[in-house]
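We did not get these values from a lab; they are worked out from the coordinates using the rules stated. Just so it is clear, the structure is predicted and the values come from calculations on it, not from any experiment. Reconstructed Cβ throughout: ideal geometry from the backbone, glycine too, with neighbour counts over all protein chains shown.
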Amino acid sequence: MSRALLRYIRLSPTKARLIAREIQGMNAELALATLEFTPNKAAKIIYKVVASAIANGNYDAQSVIITSCRVDAGPVLRRMTPKARGRGAPIRKPTSHIIVEVAEQKSEQKKDKAKKGGIK
């Protein structure tokens, strides 16, 4: 099992979790293909983290599954914007920590999926 961690990325954790939930438990090659064609800022960032996790373990993308893709909230950058009568309104700029863990797919799982028509 190998993992990759990206910290303090300027992306809302709520938006990133939508993408992270989609790829959890997927074959890594299929997940990378899905992320590549998803028109979303979070998808581009998670794609790089998944690719890094695969490279960290010296695995081939075909023989790996994504066991865990977690998005945690990082610190929030607080800014102010001017409003009427000299007041200021807060702007919250959230950050995220993205953690991806991959593990080699067991041969039994490959055989089961091959029987079902998943892997040929």
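Of all the Cα-Cα pairs you can form in the chain, what percent are over 17 Å apart? Cα-Cα pairs of the chain separated by over 17 Å account for 59 percent. Remark: spin-label model distance M80-K41 equals 2.4 nm, labels positioned 7 Å along the Cα→Cβ axis. With springs only between Cα atoms under 10 Å, which of P94, P39, P82 fluctuates most in a Gaussian network model of the chain? Top of the fluctuation ranking is P82.
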